[in-house]
Amino acid sequence: MMGGEKSMYRQARNAVRDLLRRRAPYLIRYISTFHLTDDRILLETVILPYLRDDPAVKRVLFVGCEWYTKPCESKFRAKEYWTIDIDPNKRRFGARRHMVDALRNLERHRPADYFDAVICNGVFMKTAIETRDDAEASFRACWRCLRPGGWFVLGWNDVDELRPYPPSESPTLAAFTRTSFPPLGASEHRTDTSYGHTYTFFRKSEAIQEGI
């Protein structure tokens with residue numbers, strides 16, 4: 001991230017924190033420190049708004065649902081916004097268009113080349129997509145259901161005990177093209193967090209990939 005962009009991001013992060021403290025101090029008791037850290041604020045103030053404002057992004061998939069992801073749908077009112085989670089109890093946190101299933105089974109619900117953007121944040125970890133086989137199957141499903149040129153955003157913790165294996169070792173992710181994300185000026189951004197939360201940005205190549 002360039003100096004000016006870093007400054008703008010810090011200003012946005014601080015503005016969010018200040019707004020919560022001033023307007024809704026009672027919420028601070030219920031919002032953990034985790035949800036005000038750099039990775040969450042970067043997602044909410046930079047990544048999601050960019051995808052929302054991109055006219056080429058019309059159909060969006062957000063992977064994984066929790067109480068704090070529910071408001072994400074409101075950012076995409078003008079888009080076709082979907083969520084998916086394997087846990088039926090998470091349905092209440094999902095979008096109006098929601099799928100109860102494992103990500104690896106995405107093709108059972110949506111056809112090939114359907115989505116313009118897939119956001120897979122905080123799911124590639126040992127408590128969610130736990131094994132290499134499951135991760136590769138999930139990445140393949142995303143690749144197949146993403147249109148050529150579409151965005152795949154992977155948010156992952158760069159700590160050995162939290163991730164199944166380094167994404168750089170994934171043959172399926174190698175079929176994507178790592179692409180600089182315009183607001184950040186880089187294809188990968190590691191946030192200032194103790195768990196090394198990192199966002200890696202890919203696009204589905206226009207070229208035909210064999211075996212995916």
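The values are calculated or read from the model by the stated rules, or taken from the named source; none is laboratory data. Being a predicted model, the structure only gives us computed values, none of them experimental. Using ideal geometry, Cβ is built from the backbone for each residue, glycine included, and neighbour counts are taken over all protein chains shown. Just the protein is used for accessible areas: all its heavy atoms, side chains included, with ligands, DNA and RNA removed. Shrake-Rupley method; radii C 1.70, N 1.55, O 1.52, S 1.80 Å.
Tell me whether the range 77-212 comes out rounded, prolate or oblate; compute the Cα gyration tensor, take square roots of the eigenvalues as a ≥ b ≥ c, and use a/c under 1.5 as the rounded threshold. Rounded. Normalised per residue, the accessible area of the range 78-184 is 43 Å², obtained with a 1.4 Å probe and no contribution from ligands, DNA or RNA. The 3J(HN,Hα) values that the Karplus relation (6.51, -1.76, 1.60; θ = phi - 60°) gives for the range 107-112 are, in residue order, 5, 6, 10, 10, x, 4 Hz. Gly and Pro appear as x.
Taking each residue as 0.36 nm, the span from residue 177 to residue 54 lengthens on full extension beyond its C-alpha to C-alpha distance by 42.4 nm. 3J(HN,Hα) couplings calculated from phi for the range 167-174 with the Karplus curve 6.51 cos²θ - 1.76 cosθ + 1.60 (θ = phi - 60°) are, in sequence order, x, 5, 8, 7, x, 6, 4, 5 Hz; Gly and Pro show x. Straight-distance candidates among the aspartates and glutamates for linking to residue 58, with alpha-carbon spacing under 15 Å and chain neighbours fewer than 8 residues away dropped: 73, 80, 113, 116.
With all protein chains present, how much of the accessible area of the range 42-196 (probe radius 1.4 Å) comes from carbon and sulfur, to the nearest whole percent?
In the range 42-196, the share of accessible area belonging to carbon and sulfur is 48 percent.
Centre-to-centre, using Cα atoms only, the range 64-85 and the range 142-212 are separated by 20 Å. Could you calculate the FRET efficiency of residue 108 with residue 190 from 1/(1 + (r/R0)^6), where r is the beta carbon distance between them and R0 is 41 Å, rounded to 0.05? Here the calculated transfer efficiency is 0.75. Between amide H atoms placed 1.01 Å from N, distances below 5 Å from residue 86 occur with 101, all of them 5 or more places distant or on a separate chain.
In sequence order, the range 144-150 has phi-based couplings of 5, 8, 9, 6, x, x, x Hz under the Karplus curve 6.51 cos²θ - 1.76 cosθ + 1.60, θ = phi - 60°, and Gly or Pro positions carry x.
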